[in-house]
1. Over all directions, the average projected area of the alpha-carbon convex hull for the chain comes to how many nm²?
2. Compute the distribution of all C-alpha to C-alpha distances in the stretch 263-411, in bins of 5 Å from 0, and list the percent of pairs in each, rounded to whole numbers.
3. Got a sec? Which residues in the stretch 290-312 would a label at GLU180 touch, if it sits 7 Å along Cα→Cβ and we count backbone N under 18 Å?
4. If you line up the long axis of helix 329-353 against the longest principal axis of the chain, both from Cα atoms, how many degrees apart are they, to the nearest 10?
5. Please work out the Kirkwood hydrodynamic radius for the stretch 84-140, using every pair of different C-alpha atoms, and report it in angstroms with one decimal place.
6. On a 0 to 90 degree scale, rounded to 10, what angle separates helix 241-252 from the longest Cα axis of the chain?
7. In sequence order, what are the phi-derived ³J(HN,Hα) couplings for the stretch 180-190 according to the Karplus relation 6.51 cos²θ - 1.76 cosθ + 1.60 with θ = phi - 60°, rounded to whole Hz, with x for glycine and proline?
8. With the convex hull built on the Cα atoms of the stretch 145-239, state its orientation-averaged projected area in nm².
Amino acid sequence: MTNTISTRCCVVGGGPAGMMAGYLLARAGIDVVVLEKHGDFLRDFRGDTIHPSTLDVMGELGLLEGLLRRPHSEVAHIDGIVGDERVHIADFSHLPTRCKFIAFMPQWDFLDYLANAARDLPTLRLMMNAEATDLIESDGVVRGIRGEAADGQFEIAADLVIAADGRRSCIREAAGLAVESLGAPMDAFWMRLSKQPQDQAATFGRISAGAMFIMLDRGDYWQCALLIRKGSADAIKAHGLDAFRHLLARASDMPAARFAEIDDLDKVKLLAVALDRLKDWAKPGLLCIGDAAHAMSPVGGVGINLAIQDAVAAANILADPLRRGPVDLPTLKRVQARRSFAVRATQAAQKMIQERVIGPALDSGSTPKLPLPLRLFNRFPILRRIPARLIGVGIKPEHIHPALLRDAPRS
Ligand SMILES: Cc1cc2nc3c(=O)[nH]c(=O)nc-3n(C[C@H](O)[C@H](O)[C@H](O)COP(=O)(O)OP(=O)(O)OC[C@H]3O[C@@H](n4cnc5c(N)ncnc54)[C@H](O)[C@@H]3O)c2cc1C
């Protein structure tokens, strides 16, 4: 028998966008169900960056101190290596934000913290291991979702469905919303590497002839990414393990023996990079936010921040009307109208870096020349505040509406 639940708002996806939207709406007293298809947040190959504007949002909610008590590292400057030259890219220490750094924290810790805060709210129901499989629609209006959990199929009737189910959103597909693809020249292989005493301090990225390599400090191990030409993963794997280790060695400037622990190509995960957006984020009864509305490239590591900003904008706009019942389409469209410029401008910047820096670097047989902006950042430190602002705060940062802050719990 199908289990049926009724709620005011059903949020599909417990990633940054969905957890934050669910938390904010529930804190405003609205009955919310958040569905997450996995049983926990423990997935490895996810972005780990919590940006100053997201930290500001957490501060406005009274959740910042508790968050920063969790293990994390604070990064006030971003550097990279092009060929053999170290380049200074961004300096966050002058930002007009509470935290003048990016917090590096495994995304599962961030989501787990938010989920724990959400569990204290009587109007939020977080269903783990619960996957939305289809929309329930009648007369052109989304009325809820169908899903599957360990104990069988279920249906959720809701005045509003928020799709926050990421870049492969099944909800946006079921809704038939048109997607505009902006293309991406690369995919990424992700892998773990244990730390060694001789390892240098954290390096964020290295661009060399035909290769890009990224190392993220995860405390007791490195999470590494090798960027490759889109679609070339099978050909690279076909050359075998030894050739792969040599490719890593060349890209990272470390000896191939350093990668001996990668003894099976199955330990290397492929993440397909996508850059796209919906023409319309909403239809009657449905709103898409985060990657479900606009898949972000890993360039700049800004996807989580944008997902959070969408969630804040959605809650600010929708909390009050949702309290009264179903929300009309023009009100849902206000969320896209508010966020669209920030998304488009950020995606345009990502596309430009993909096409002018990453694509040519991956194709090149020689070490790429330092692009002019990077030469200027190296020479004039004050200029590093510009990328810091764009990456750390983003365009049009959102703040929690005071009405949502009533009875804010103190951390
Ligand atoms: C290789 C790579 C590296 C990246 N690195 C960074 C980085 O360092 N920093 C950064 O800010 N961004 C990074 N990004 C982008 C970032 O991961 C996304 O922009 C961000 O996670 C989007 O958040 P979201 O909540 O919209 O979607 P997601 O994080 O994708 O969350 C969607 C959630 O929905 C769940 N879900 C999916 N389908 C269903 C369903 N049918 N029913 C129920 N639940 C479902 C999923 O399990 C998931 O938990 C990276 C992206 C890539 C591809």
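What follows is calculated from the coordinates using simple rules that are stated; it is not laboratory data. Just so we're clear, the structure is a prediction, and the values are computed from it rather than from any experiment. Every residue, glycine as well, gets a Cβ built from its backbone with ideal geometry; the counts of neighbours run over all protein chains shown.
1. Its Cα hull, projected and averaged over all orientations, spans 20.2 nm².
2. The distribution over the stretch 263-411 is 1, 8, 14, 16, 15, 14, 11, 9, 6, 4, 2, 1, 0, given as percents.
3. Output list for this probe position: 290-297.
4. Relative to the chain, helix 329-353 is tipped by roughly 0 degrees.
5. Over the stretch 84-140, the inverse of the mean reciprocal pair distance is 16.5 Å.
6. 90
7. 9, 8, 9, x, 8, x, 9, 10, 9, 8, 10
8. Spelled out: convex hull of the Cα atoms, projected over all directions, averaged, 11.4 nm².
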